[in-house]
Every structure is written in C-alpha cells, then in structure tokens.
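Visitor: Input: one structure, supplied below.
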Ligand code: ADP
Ligand code: MG
C-alpha cells in the first residue's frame, strides 16, 4: 500500500538549502507550523462567510501544542480546513508551492484576509529539528483521512489512515542531541511556551498547551505534587490592532515594559494605523532616558517587524534612519512575507515605503512636542539631541533639512536651550551673523574673552558644548540666509565703538612690535595683531580658516589624529595697560618683551583650554615677573 515517491531533484536541493540556510534559528520551525495551522483555520472562517451551511463557532477553533518527552515527539494540531490527498501531494510534496497563496488569490475579493502563508517553504523548517515528520489530516467535507510521512530529503509517503475530526495533526520526531546542538529544549514545556509567546503571541486563534505545574500535596506537609493545567499561551489580539480610543497611556506603557524596549517610562508613543499606499500598523516609542550603551558600537537600532501578527525580525534596522535610532517599537504589515531573508528585505519596496512613512511620523511627532510640550522635548533632547546633531553632520549633510529645526542650543541671553528659528527671528536688524562660541561647558564659555564684543553689542550667542556641534553647523552653514560665525573667527562683522582706540590704526602704528612678537613666538601663531573684539581681557586667540580651536582639540583627541592645527592669531587688547608695557619694552628691554610675549601667549592657551608645551618654563616666567 505504501509507495515511496521521490522528490524531484531540484526540490531535494531546495530542501537542503532551506533547512540549512534560510533560517538562522532552529526555534522558528514552531512559528511556521503554527502559522500554517492558523491559516488553515482562517480558511474555514472565510469559507463560512459565503457558505450558509457552514457555521463558524469560535470555540471550536484552536491550535494545540503537545510535547511528549519520553516518546521524543512534539505535536502541533489544529482544527483547521485539513488537506485532501491531492492537497497533501501538491502542498507538501512540491517545495515552494503554497496552497495558502492560491487560496488567497482565489478569495482576493473577500475583505480583510489575514492568511500568512505564501512562499510554500515554511513547513519544511520542521526538518531542522525533526528526523521524521508525520502529518495526519482530514479535509473539511471529507470522510477520509491521510497520513503523510517523510524523513527529509529522501521523499515522502502517503497512505490512508483514521482521524475522527477535521483538521491536521503534525508530529515531529525530535532529533537526538549532537555534540554541537541540543534539541531537548524543543520538548520542554516552558521553552516551547516562550517560543510561542515570542513569535506567535498575536495569532488570532488560541494556542493551547498542557502545562505541568506543582502544588502542595493535600494532607502532607512540605510535599508537592504535579498536576496538568491547560493554558492558552497567546494573547491573540495585539495592542496595535486595537482602536486608539480604547487604549490608555498605561496600556502603551505596559506594552513598552513587557516588550523590554527599555527600563524607563516612554516619553511619548506614536500609534500608526496606515491605510494608504502602504498598509501597516505600528507602535513607536521615544524613550525618556539614553540607554547605557546608546552612544557605543554595541547599540543596535531597529524595530520589531511582524507580518500579519507573526514576528519575522527582532531588529529591523532598515526601518529607522540612524538619526532616529533611539526609537523603539514594532511594525506589522500584511504586505510582507514570513520567510524573507534580511537581504531580500532590504530591497523590499513595501518596506522602503513603510520606513519613509515612519521617518516622517517621528519627525512630525518631535516637531509637535517641540511646539506644544517644550519641557518634554528638552528632556528628550538631553537624552538624544546629540544623535540628531550627528544626523545633521553625517552623509555630508544630506539630512540637514529634515533635522535642523529640531536642534536646540543653549543661548547666552535666554540662559536656556533655543531653536535656530527662535534665534534668527529675534536678531536685531544690524546683526549679520548667527554667533556661536564653542567650549567645554557653559561656565567655560561664559568666561571666554572672545565673546566680549559680541555680548557687548547685545547679540545673542549660541553655546556649543558638544563635540559634534561645530561640525554639524559646518554642514548647515546658513540658516534662513544667515551664516554661522564663531566668536573666535577673524572677521566678526561688528564695527568698534568710536570712543575706543582704533585697532587698525594701532596696528599699522605698531607694526614693528607685532612683528617682533610673532618672531618671538616662532611658528606657534600665524599672526599677532590688535584685537577688535576684546573689551576688558588683555589677550585671546582667534582663528583663520575652517578649523577652529575647538575643532582642533576634538580632531586631535580622535584615535587616528592627523595632527590638524587651527591657524591661530594672537590678539592683543590695545586698550589694555599691558599693551603700553609691551610698547615700552620694544627696543628698550628685549628680554622683557620676550618674557611678556610668552606669558601672554601662554595665558591665551590656558583660556582656550589648550595644553601648554612647557608648564615649568611658564611658571618660571611668572616668577620672573614677581621678583
Ligand atoms: P506557505 O505557508 O507559505 O504556503 P508552507 O510550506 O508553510 O508554505 O505550507 C505549504 C502549504 O501546505 C500551505 O500553503 C498549505 O496549503 C498547506 N498546509 C501546511 N500546513 C497545513 C495545515 N496545518 N493545515 C492545512 N494545510 C496546511
Ligand atoms: Mg507557512
């Protein structure tokens, strides 16, 4: 009676390839079999929609997973539509043939199909963990049942058998453990239950399991007995399919915690039910705190990806741009297939559309937070603002338009973070540039002599305290037609007050002095000149060209530093008394001029937070002035 039939040659190869390469984790075999069972029940459900003779009683439809440790078998049974002999032959005998896809196509007209299968390969994942797979099935409307059995690539057999009820029962003879792999776990109730929870929590029909539990034995002290209790393992209706109006903030918070997206409370959630060019549901979260590994290489961005309620990827990186890598959450789409590899996903048109959509939603959420919930936004910015600035900087500024209005910088005037738009909108008419000062901390910048003129003019200064700030701004270059200008850069575009000594005049009148000083300093500065920006401080450094002093510091702190130097200019305050001392020393006391020049230069370095080449020489110099 039993006739062995051969798989076709290509099928054999395909099966081997499948088993060894499509799936990286063995545990997903269970996801595939449960998805098939769910599809089989769905098919009855759809038939019942048009067939008056068929009533769909919810209670009658479920999936059951049973492990038999002693017999080393795992059984997945369903009360779904079952398979006829022909269907067994076609759907399980021909690899990459999907009965479910055909069903979907035939029933296209019907609303809201939820059928998962379409590739016709999932079933064979069973061979990753089983030596023998036995399928006993009885189709809806048929009195006959059949048994399909296979040991993998060798082929399969089909024979009639007995089965009382409609549906399918798949039994896996679990492989013995090998040196590298353990298969025992697929017979452990708790392990199976957690696999089901992980991948199949939102299958719409109950997945039942008998769980062995322990309880105190009656009448006996300190003794326990095992008992078996049936449990529905999956939660069935996922939160993202529920109506937003029915959900409370706590529901989202609970979901965030259950999913272990973070240990904090989310700052904001975004619930998307997209119904346009691309259909998907998503729940996204903006965390409140920076994860401890966020700014390290270890941090992996990505969203969970579901196809029709079934998890297909834990962290789908392609769904999030790097600059929004802090976002957590999940996406569920009917348009994606289950057995799709990472490489294929990258080129999936649907996925690209979803990613674009999501990016825009996150952006507008952040914008409205900035507008309506400033405090929350500032909190967010404290945690993840740096990432936004990295986003502006990376890819040669390709994303600056998306991100520039989300940036905040501390303002010298407001004493709090402000947006670029806020800054520009209150610029006085005569102010040409957007001024910024870079430094280690707000306190350090407050004391920078270079800010004196700009601050004296009453202009607002943005404080750049993050390494990335200046680099990001270099990418933006102009905002609303206004150019950014460092307070230490050469030309500040500000005219000095009339009652002060004219720096230009002083400079041409004291040419010899400035040249002498430059010679004394050797190649350390490009020029020594009369300052137009200093008010009360005697000295400061400014720069010419693209590289500022802050940038020099940052670049040189990098592992493969190329010893990049800013072109430094030593600026002397001609309104300060020390200037007179310098003038007096010139031609009269070379040693004194030498000493003063070095002292001033070293002071300027200290103010900038730059290292002094020879601290001992510097302290000796100070002592010389003292004695
Ligand atoms: P897919 O699910 O992508 O179609 P599978 O390899 O998982 O591919 O399954 C192949 C086909 O076998 C399914 O399309 C379906 O027709 C049939 N099938 C598998 N499992 C069952 C089941 N439990 N009940 C009924 N039909 C099934
Ligand atoms: Mg399948």
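Any read-out appearing in this document is the output of simple, stated calculations on the displayed coordinates, not a laboratory observation. Remember, it's a predicted structure, so these values are computed and weren't measured experimentally. Note: ideal-geometry Cβ built from the backbone for every residue, glycine included; neighbour counts use all protein chains shown.
Visitor: For residue 296 and residue 519 in the same chain, what is the full-extension length gain: residue separation times 0.36 nm, less their Cα-Cα distance, in nm? Please list the in-between numbers first.
Guide: Details: separation 223, 0.36 × 223 = 80.28 nm, distance 4.56 nm.
Full extension from residue 296 to residue 519 adds 75.7 nm.
Visitor: Calculate log10 I(q)/I(0) of the stretch 252-335 for q = 0.12, 0.17 Å⁻¹, where I(q) comes from the Debye formula with a single equal point scatterer on each Cα and nothing for solvent.
Guide: Log10 I(q)/I(0), no solvent term: -0.34, -0.68.
Visitor: Further question on the same structure: If packing is taken as the average number of other Cβ atoms within 10 Å across a peptide's residues, how do 317-326, 421-430 rank, most packed first?
Guide: Result, highest mean Cβ count within 10 Å first: 317-326, 421-430.
Visitor: Related question: Checking the a/c ratio against 1.5 first, then a/b against b/c, what shape does the Cα gyration tensor give for the stretch 39-110?
Guide: Here the stretch 39-110 falls in the oblate category.
Visitor: Continuing with the same structure: Note the full-extension length gain between residue 414 and residue 48 as 0.36 nm times their separation in residues minus their Cα-Cα distance, in nm to one decimal.
Guide: Extending this stretch completely gives an extra 125.0 nm.
Visitor: For residue 243 and residue 592, what does the FRET efficiency come to when R0 = 51 Å and r is the distance between their Cβ atoms, rounded to the nearest 0.05? Provide the component values of the computation, followed by the final result.
Guide: On the way: r = 83 Å, r/R0 = 1.63.
The value I calculate is 0.05.
Visitor: Still on this structure: Dividing the Cα convex hull volume of the stretch 131-246 by residue count, how many Å³ per residue is that?
Guide: It is 238 Å³ per residue.
Visitor: Which order, highest average first, do 74-82, 521-529 follow once you tally other Cβ atoms within 10 Å for each residue and take the mean per peptide?
Guide: Highest to lowest by the protection proxy: 74-82, 521-529.
Visitor: Would you list the P(r) distribution for the stretch 576-627, with all Cα-Cα distances sorted into 10 Å bins from 0 and each bin expressed as a whole %?
Guide: The percentages, shortest bin first, are 23, 53, 23, 1.
Visitor: Please report the base-10 log of the normalised intensity I(q)/I(0) for the stretch 3-232, using a Debye sum with one equal scatterer per alpha carbon and no solvent, at each q in 0.10, 0.12, 0.17 (1/Å).
Guide: -0.48, -0.68, -1.32
Visitor: Over the Cα atoms, compute the radius of gyration (one decimal) and Dmax (the largest Cα-Cα distance, rounded to a whole number) for the chain, in Å.
Guide: Rg, Dmax (Cα atoms, Å): 36.1, 121.
Visitor: Among 315, 389, rank each residue by its count of other Cβ atoms within 10 Å, from fewest to most, as a rough exposure measure.
Guide: Neighbour counts put them in this order, fewest first: 315, 389.
Visitor: Please compute the modelled spin-label separation between residue 563 and residue 474, points set 7 Å along Cα→Cβ, answer in nm with one decimal.
Guide: Reported label-point gap for residue 474 and residue 563 is 2.0 nm.
Visitor: Using only Cα atoms and rounding to the nearest 10 degrees, what angle (0 to 90) does helix 590-608 make with the longest principal axis of the chain?
Guide: With both axes taken from Cα atoms, the answer is about 30 degrees.
Visitor: At R0 = 25 Å, how high is the FRET efficiency between residue 97 and residue 180 if r is their beta carbon distance? Nearest 0.05 is fine.
Guide: 0.20
Visitor: Here's a follow-up. Find how many whole Å separate the alpha carbon centroid of the stretch 176-190 from the alpha carbon centroid of the stretch 541-559.
Guide: Between the Cα centre of the stretch 541-559 and that of the stretch 176-190, the gap is 58 Å.
Visitor: Can you give the alpha-carbon Rg of the stretch 408-486 over 2.2 N^0.38 Å, where N counts its residues? Kindly include the intermediate steps, with their values, before the conclusion.
Guide: Numbers: Rg = 11.5 Å, N = 79, 2.2 N^0.38 = 11.6 Å.
Taking N as the residue count of the stretch 408-486, the ratio is 0.99.
Visitor: Can you show me the helix-derived [θ] at 222 nm for the chain, built from DSSP H runs with n ≥ 4 at -39,500 (n - 2.57) apiece and divided by the number of residues, rounded to the nearest 500.
Guide: -10000 deg cm²/dmol
Visitor: Before anything else, pin down the relative contact order of the chain: Cα pairs under 8 Å, at least 6 apart, normalised by residue count, whole percent.
Guide: Taking the mean separation of contacting Cα pairs over the length of the chain, I get 8 percent.
Visitor: Once the Cα atoms of helix 511-520 and of the chain are each reduced to a long axis, what angle between those two axes, in degrees from 0 to 90 to the nearest 10, is obtained?
Guide: That helix lies at roughly 60 degrees to the long axis.
Visitor: Hey, another quick one. Hey, with R₀ at 35 Å, roughly what FRET efficiency would residue 164 and residue 69 work out to, going by the Cβ-Cβ distance, to 0.05?
Guide: Values: r = 26 Å, r/R0 = 0.73.
The pair residue 164/residue 69 has a calculated efficiency of 0.85.
Visitor: With the calculation restricted to Cα positions, what are the radius of gyration and Dmax of the stretch 498-626 in angstrom?
Guide: Both quantities, over Cα of the stretch 498-626: 15.2, 49 Å.
Visitor: Next question, about the same structure. Using only the alpha-carbon atoms, how far is helix 189-200 inclined from the longest principal axis of the chain? Give it as 0 to 90 degrees, nearest 10.
Guide: 70
Visitor: Mind sorting 623, 540 by how few other Cβ atoms lie within 10 Å of their own Cβ, fewest first? Don't skip to the end; give the middle numbers.
Guide: Working: 623 9, 540 25.
So the ranking, lowest neighbour count to highest, is 623, 540.
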